[in-house]
Amino acid sequence: MDFEVAPFINWLDIMVTNKCNIRCSYCFHSKNETDLSLEVVKKISSFLGEQFTNKIVFNLFGGEPLLRVDFCMECMKYLRSKYPNCTFFTSTNCTIFSEEFVDFFLQDNDFNVIQLSYDGLNQNKNRCDDKLVIDNIKRYIKVVPSKNLSVRMTMPPQDVYNLSDNIIYLYNLGARDISHHADISNAWTSEQIDTYRLQLDSIYVFLDSHKDLKMRYCGDTYSYYEKKSPKCSMGDTLLAVDCDGSIYPCHRMVSYPDFKIGDVNDETLNRGMFRNMELPKCMECDVRSTCHPCVAANFDVNGRFREPVVSLCEMSKYEHIKRNPQIIKVDEEMEKLFLSSMKTLEQVQASNYETLKLLA
């Protein structure tokens, strides 16, 4: 057994299937017809179980995991029996709704979350016809408590112009926890980034009058003064297991066979460089405390894990300003104090110069 002692795993992406019933224009996963087996799930537990934290999160991922509703419940039943304090997370494209699954998914844990992947007004163009999807979203919203439900919207650069309209649209459908994620696999122009800033301004106007809406990545407040080290947890406290038992640093890296770091079948694991994936260029950045870097995205765009994506940096900087207006106020006060101090220093220097002239 080539087993490497490492930090405890608090999040495990489990690829339930690599099959998917739609083709998103921006999807980064390679599609194939493989499915996970309960035998591999048991091997995951046998090999990695000792590294799981007490409150391990199992993310049932894909593909579209609800193509295998019955297996998802079988998988959850087994993992619950082994890890009673575990939490489950799953993401669905909303083409499938099963109230039996929802009931089973939510039992025994108030923190389990179902994430609805939906692009709102851009759904037809980027993904699939949305009549069935909208009907299913309404069903999810009706039966799933708001604390257990979130909506994720992917935003290609060409669709940034209607971001705020999308947020309002999703809110009117009943969503109260919404995240928008920029598709940075496509290049963003400076004009599109400027448009994003304007859209974010509009979203915050909406947030001011809709306090029950929780926004991810443009609403959460973090401590600016926290000396956070920008670091991705992929391959460290986060791992992913593909349908065949192969281990990867995260679900996004499953599409890159060269970055396989282990296998539950032969009980091997070598995290290598992923043990400490810090980002040196981010260490001195002013927005390091609120930024949400993705090392896999860095690789997708730049071919290097530690090279930040410039467009995402620009968007994150403005998100930081919108999240933390008190910081801007503090910075302005500090600038005033600095200018006042400089003026006083100049006056002292001038006075000293005149004194020296008299003594000369």
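The values are calculated or read from the model by the stated rules, or taken from the named source; none is laboratory data. Computed from a predicted model, the values in this text were never measured in an experiment. In this analysis, Cβ positions are derived from the backbone assuming ideal geometry, glycine residues included, and neighbour counts consider all displayed protein chains. Heads up: the accessible areas ignore ligands, DNA and RNA and are worked out on the full protein's heavy atoms, side chains in. Shrake-Rupley method; radii C 1.70, N 1.55, O 1.52, S 1.80 Å.
Please give the length that would be gained between Lys42 and Asn265 if that part of the chain were fully extended, namely 0.36 nm times their separation in residues minus their C-alpha to C-alpha distance (nm, one decimal). Mind dumping the intermediate values first?
Working: separation 223, 0.36 × 223 = 80.28 nm, distance 1.02 nm.
So the extension gain works out to 79.3 nm.
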task: On each of the three principal axes of the Cα atoms of region 41-178, give max minus min coordinate, whole Å, ordered largest first.
output: 48, 29, 24
- prompt: Taking K and R as +1 and D and E as -1, what net charge do the other residues with C-beta under 10 Å from the C-beta of Leu149 add up to?
  reply: +1
- request: On a C-alpha basis, how far is the centre of region 71-149 from the centre of region 165-206 in Å? Whole number, if you could?
  value: 23 Å
query: When the solvent-accessible surface of protein heavy atoms is calculated with a 1.4 angstrom probe, in what order do Lys55, Lys142 fall, highest first?
result: Lys142, Lys55
query: Length gain on complete extension for the stretch His181 to Tyr78, per 0.36 nm per residue less the alpha carbon to alpha carbon distance?
result: 33.8 nm
Nitroxide proxy distance, nm - points 7 Å out along Cα→Cβ at Ile321 and Arg23: 4.1 nm
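Grab the Cα-Cα distance for Asp208 and Glu314, subtract it from 0.36 nm times how many residues apart they are, and report the gain in nm with one decimal.
Answer, rounded to one decimal: 35.8 nm.
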- prompt: Taking the Cβ of Cys294 as the center, what net charge do the other residues with Cβ under 10 Å away carry, scoring Lys and Arg +1 and Asp and Glu -1?
  reply: 0
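Based on Cα coordinates alone, diagonalise the gyration tensor for region 1-119, multiply each eigenvalue by 5, take square roots, and list the semi-axes in whole Å, largest first. The partial results should precede the final answer.
Details: eigenvalues 114, 63, 35 Å².
Sorted largest first and rounded, they come to 24, 18, 13 Å.
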